[in-house]
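Engineer: Let me begin by handing over the structure; questions about it come next.
The values are calculated or read from the model by the stated rules, or taken from the named source; none is laboratory data. If you're wondering where the values come from, they're calculated on a predicted model, not measured in any experiment. Here the Cβ positions follow ideal geometry from the backbone for every residue, glycine too, while neighbour counts run over all protein chains shown. Side chains are part of the model used for accessible areas, which takes the heavy atoms of the whole protein and leaves out ligands, DNA and RNA. Shrake-Rupley method; radii C 1.70, N 1.55, O 1.52, S 1.80 Å.
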Amino acid sequence: MGKFNRYLITAALPYANGPVHIGHLAGCYIPADIYVRYLRAKKADVKFVGGTDEHGVPITIKAMKEGVTPQDIVDKYHKIIYDSFTDMGISFDIFSRTTKQVHHETSAAFFKTMYDKGLFEEKVTEQFYDETAGVFLADRYITGTCPKCGNPNAYGDQCEKCGSSLSPDELINPRSTLSNAVPVKRQTKHWYMPLQNYEPFLKEWILEGHKEWKNNVYGQCKSWLDSGLQSRAMTRDSNWGIKVPLPDAEGKVLYVWFDAPIGYISATKELTENWADYWCKEDTKLVHFIGKDNIVFHCIIFPAMLKAHGGFVLPENVPANEFLNIEGDKVSTSRNWAVWVHDYVKDFPDQQDVLRYVLTSTAPETKDNDFTWKDFQQRNNSELVDIFSNFVHRTMVLMHKLCGGKVPAFHPEVKDEKDDAVLTNLLASKQKIEDSIENFRLREALAEVIEVSRQGNRYLQEKEPWILAKNAEENQKLIDNCLHLCLQLTANLAILANPFLPFTAKKICHMLKVVDRMLEWENAGSLKLVSVGYSLRPPEYLFTKIDDVKIQEQIDKLHAGLVKPVTPAEAAAPEAKEVKEEIQFEDFAKLDLRVGTILEAEKVPKADKLLKLLVDIGTEKRTVVSGIAAHFAPEEVVGKQVTLVANLAPRKMRGIESQGMILMAENAAGKLVFVNPDAAVDAGSEVR
RNA sequence: UGCGAGGUAGAGCAGAGGUAGCUCGUCGGGCUCAUAACCCGAAGGUCAGGGGUUCGAAUCCUCUCCUCGCUACCA
């Protein structure tokens, strides 16, 4: 810790156009929170700041599409994101927003200072403009036909079909994705920051001064610096954002990446009037926790800005994590391939620490990693429950059974080397955990916490107090020593686990009837944490097993939620349909609706829309031909539960007899969604 | 295309010239206080592949393959 007297820890500002998913948590919020909780336990002077990033073009576009204001969008997602973090125990000292007054003032002043120092270049360029929507268009919001392969849906920056990178000029028949209008070129003036001027400083500071940064971070920075930096526009044409604080700058706002990192500064200002201590004093350690997509902004652009402005400390480390995949596929918010935090909290109430544990032990620290529900279950069941929780539980049970529910005394006259080893091992583990956390190796640190409880289990096994109890009178001192040490070890586990599993640490404190102050880090390694003679509460489970059904539900939910992105052309105006003629219950009762599970799926040859499905309805398996091929790939639907009309007369399509019909909901744009049970039920269940 | 990171037991990771290691899973044994838990033991690897340097290579050099990211308007 050494030369630093205070810490400022930031976690990337989530963009307020959607909720947060577990990839966000694993990438930076949980690591940051662990680090911060550890520092607080060490009684360090630390502030943990964050907030939502609420400017930028994507928010204005989302608002436009939904027919609401950008403010409506950011209000909605700020709340969802804030609640997700609070629920998961991410312990921000402040979680602010970039739309706040203090942030607008801070960012504008930052820009103005740089402007007054003459650090910007003014350039007039031609940009594409959508006259219908009244906005300038980023390259990716222009589509057209690819000049290389003829793909009619190539983006202005890249054709996803042939992979060639493009500029909007090259597209044949360019269209705005917002209004379908033909974009026209317009002149516009912007302020550029000549990043190349900061190259020598950045090279010296990172390449020479921070060789200890993680491989992925250092390598990425080196790559950028070696290939040479260029001027980059720090303003945009928009009416949503921070107005450029200059006369003659109507319709110009700060580039969202210029203002977002300044959000860390504004949030600190909002938090404390001593904010300058954390930003301007050299003995502050500033650490940015981010995902790998943010490396360039936090390691190159923001430090260059801080340096240009002057008077600020620079980040001491930027421990960026890689990405977390879900069940083997990249997270995709547009396809809804994600595990949303607000869903998890609802589906697994009071089990935040399970997710914190799994995401930490499988964190993508050195390379992309995969989250699977099976792995989630297994880590919970065999590590948290079997090893960690079970050690605490058997300690408590034995103490109640063999020591009258009170902390037994320790009798030095009968101790042996195994008793001594408990302390030696504990101290070694504490040291190891400290080293690991301070070097951002959180997986390793957490594994060591589990190792402490494993040692506890081993110690109990060797001592066998339940055997000693058969001769309780002559062995009571040995029993006392064993359980005394196990109880002290349990208390120590609470301290060591606290940064990672804060909810669990509190539960242990409750069971042991100790105050939360015991969790201070300096107490780790003490064997005097629970007092002799003190009567303790009855044992309770810290973690419980998660069964296969629960896991399968989540897997089903993930697949059921999968959607194909709707292209703007499909999002036509809704067309209201009249409700059909009234029927009687008897008419309805003629329908035999069953829940089935799709076992197999394949495309029907020479038919664009048809999939041939094999559906298990419990009593039998049906072949069903369904017109959903344009919406779902065969592999997407296998394993899905569906609602089947089981008594519909069979009908031949393309030579295949379809023995039923699958219910689908269709929106105005023609997008299809399966109508299926809210939770997994047995195949063949009746629908009424 | 260029650059960066990564590829080690079924899974997740460690090792950076000297007998390939850890956790989970699997198999066998022990134990019974404990949530079918715990403890002990075993099996399981051409260290992505080829070529080279070296007495000796997972480790150094070189070429190839695969995954992911960045390539400057995806916040």
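Engineer: Out of the helices (runs of 4 or more DSSP H) lying entirely within region A:411-502, which hold 3 or more residues that are within 32 Å of the chain's Cα centre (by Cα)?
Structural biologist: Helices (runs of 4 or more DSSP H) meeting the threshold: A:417-438, A:442-463, A:472-497.
Engineer: Restricting to region A:8-25, and then to whatever is part of a strand (DSSP E or B) and either aliphatic (A, V, I, L, M) or touching a residue at least 60 places away in the same chain (Cβ under 8 Å) (or both), can you tell me which residue is nearest to A:Glu365 (Cα to Cα)? Give the steps one after another, and end with the answer.
Structural biologist: First, pick out the residues of region A:8-25 that are part of a strand (DSSP E or B): A:8-11, A:15, A:21.
With the extra rule that they be either aliphatic (A, V, I, L, M) or touching a residue at least 60 places away in the same chain (Cβ under 8 Å) (or both), the set shrinks to A:8-11, A:21.
Details: A:Leu8: 21, A:Ile9: 18, A:Thr10: 18, A:Ala11: 16, A:His21: 18 Å.
Step by step, filter region A:8-25, then rank; the result is A:Ala11.
Engineer: Mind checking which residues of region A:511-557 are open to solvent by less than 40 Å² (accessible area, probe 1.4 Å), within 16 Å of RNA strand B (Cβ to nearest atom) and either in a loop (DSSP other than H, G, I, E, B) or of a type in the set (Asp, Glu) (or both)?
Structural biologist: Result: A:Leu536, A:Leu542, A:Phe543, A:Ile546.
Engineer: For region A:19-29, state whether one or more residues are open to solvent by 10 Å² or more (accessible area, probe 1.4 Å) and more than 27 Å from A:Asn439 (Cα to Cα).
Structural biologist: Yes.
Engineer: Give me a count of the residues in region A:136-145 that are open to solvent by less than 40 Å² (accessible area, probe 1.4 Å) and farther than 10 Å from A:Thr177 by Cα.
Structural biologist: Quick first cut of region A:136-145, residues open to solvent by less than 40 Å² (accessible area, probe 1.4 Å) only: A:137, A:141-145.
Pick out the ones that are also farther than 10 Å from A:Thr177 by Cα and you get A:145.
Result for region A:136-145: 1.
Engineer: Of all residues in region A:349-407, how many are over 30 Å from A:Leu478 (Cβ atoms) and either among the β-branched types (Val, Ile, Thr) or outside any helix (DSSP H, G or I) (or both)?
Structural biologist: 17
Engineer: Could you tell me which of the residues A:Leu229, A:Leu225 is part of a loop (DSSP other than H, G, I, E, B) and in contact with a helix residue (DSSP H, G or I) (Cβ under 7 Å, 6 or more places away or on another chain)?
Structural biologist: A:Leu229
Engineer: Considering each of A:Lys123, A:Lys43 in turn, give the residue that is open to solvent by 20 Å² or more (accessible area, probe 1.4 Å) and farther than 30 Å from A:Ala276 by Cβ.
Structural biologist: Exactly one of A:Lys123, A:Lys43 is open to solvent by 20 Å² or more (accessible area, probe 1.4 Å) and farther than 30 Å from A:Ala276 by Cβ, namely A:Lys123.
Engineer: So A:Cys403 ticks every box in (1) open to solvent by less than 30 Å² (accessible area, probe 1.4 Å); (2) out of contact with any helix residue (DSSP H, G or I) (no Cβ under 9 Å at 6 or more places or on another chain) but one. Which box is left unticked?
Structural biologist: Result: A:Cys403 fails condition (2) only.
Engineer: Filter region A:275-292 down to the residues that are in contact (Cβ under 8 Å) with a residue 12 or more places away in the chain, over 15 Å from A:Leu314 (Cβ atoms) and open to solvent by 40 Å² or more (accessible area, probe 1.4 Å) and list them by number.
Structural biologist: If the condition is that a residue be in contact (Cβ under 8 Å) with a residue 12 or more places away in the chain, over 15 Å from A:Leu314 (Cβ atoms) and open to solvent by 40 Å² or more (accessible area, probe 1.4 Å), then A:Asp277, A:Lys292 are the ones that fit.
Engineer: Which of the numbered conditions does A:Tyr218 fail, given that it passes all the others? Conditions: (1) open to solvent by 10 Å² or more (accessible area, probe 1.4 Å); (2) under 30 Å from A:Gly134 (Cβ atoms); (3) aromatic (Phe, Trp, Tyr).
Structural biologist: (2) is the only condition that A:Tyr218 fails.
Engineer: Let me confirm something: among A:Ala338, A:Ala421, A:Ala363, A:Ala409, which residue is near RNA strand B (Cβ under 8 Å from one of its atoms) and small (Gly, Ala, Ser)?
Structural biologist: On the way: A:Ala338 fails: near RNA strand B (Cβ under 8 Å from one of its atoms); A:Ala421 fails: near RNA strand B (Cβ under 8 Å from one of its atoms); A:Ala409 fails: near RNA strand B (Cβ under 8 Å from one of its atoms).
Unique residue meeting the criteria: A:Ala363.
Engineer: Scan region A:451-471 residue by residue and report those that are open to solvent by less than 80 Å² (accessible area, probe 1.4 Å), near RNA strand B (Cβ under 7 Å from one of its atoms) and touching a residue at least 40 places away in the same chain (Cβ under 8 Å).
Structural biologist: A:Asn457, A:Leu460
Engineer: For region A:367-381, how many residues are open to solvent by 20 Å² or more (accessible area, probe 1.4 Å) and either more than 6 Å from RNA strand B (Cβ to nearest atom) or out of contact with any strand residue (DSSP E or B) (no Cβ under 9 Å at 6 or more places or on another chain) (or both)?
Structural biologist: Number of matching residues: 7.
Engineer: Against the condition more than 30 Å from A:Arg6 (Cβ to Cβ) and in a loop (DSSP other than H, G, I, E, B), how does A:Val182 come out, does it pass?
Structural biologist: yes
Engineer: Sticking with this structure for a sec: What's the number of the only condition in (1) away from RNA strand B (no atom under 12 Å from the Cβ); (2) open to solvent by less than 10 Å² (accessible area, probe 1.4 Å) that A:Phe302 fails to meet?
Structural biologist: (1)
Engineer: Between A:Thr106, A:Thr113, A:Thr132, A:Thr125, which is under 23 Å from A:Gly56 (Cβ atoms), assigned to a loop (DSSP other than H, G, I, E, B) and modelled with pLDDT of 80 or more?
Structural biologist: Just a single option satisfies the conditions, and that option is A:Thr132.
Engineer: Could you identify the single residue in A:Lys292, A:Lys285, A:Lys330, A:Lys307 that is more than 13 Å from RNA strand B (Cβ to nearest atom) and more than 17 Å from A:Val49 (Cα to Cα)?
Structural biologist: A:Lys307
Engineer: Any residue that is at pLDDT 70 or above and either more than 16 Å from RNA strand B (Cβ to nearest atom) or surrounded by 13 or more Cβ atoms within 10 Å (Cβ to Cβ) (or both) - is there at least one of those in region A:571-588?
Structural biologist: no
Engineer: Pull out all pairs, ordered by first then second residue, where Cβ-Cβ is under 9 Å, the residues are six or more apart or on different chains, the first lies in region A:416-433 and is open to solvent by 60 Å² or more (accessible area, probe 1.4 Å), and the second is part of a helix (DSSP H, G or I) and among the aromatic types (Phe, Trp, Tyr).
Structural biologist: A:Lys418/A:Tyr459; A:Asn425/A:Tyr459
Engineer: Can you name the number of the only condition in (1) surrounded by 15 or more Cβ atoms within 10 Å (Cβ to Cβ); (2) touching a residue at least 60 places away in the same chain (Cβ under 8 Å) that A:Ala409 fails?
Structural biologist: (1)
Engineer: Where the second residue is assigned to a helix (DSSP H, G or I) and the first is surrounded by fewer than 14 Cβ atoms within 10 Å (Cβ to Cβ) and lies in region A:104-120, which pairs have Cβ atoms under 9 Å and are six or more apart or on separate chains?
Structural biologist: If the second residue must be assigned to a helix (DSSP H, G or I), the pairs left are A:Lys117/A:Ala308; A:Lys117/A:His309.
Engineer: Out of the residues in region A:434-449 meeting the condition of being open to solvent by 10 Å² or more (accessible area, probe 1.4 Å) and closer than 21 Å to A:Leu542 by Cα, tell me which one is farthest from RNA strand B (Cβ to nearest atom).
Structural biologist: Among those that are open to solvent by 10 Å² or more (accessible area, probe 1.4 Å) and closer than 21 Å to A:Leu542 by Cα, it is A:Glu448.
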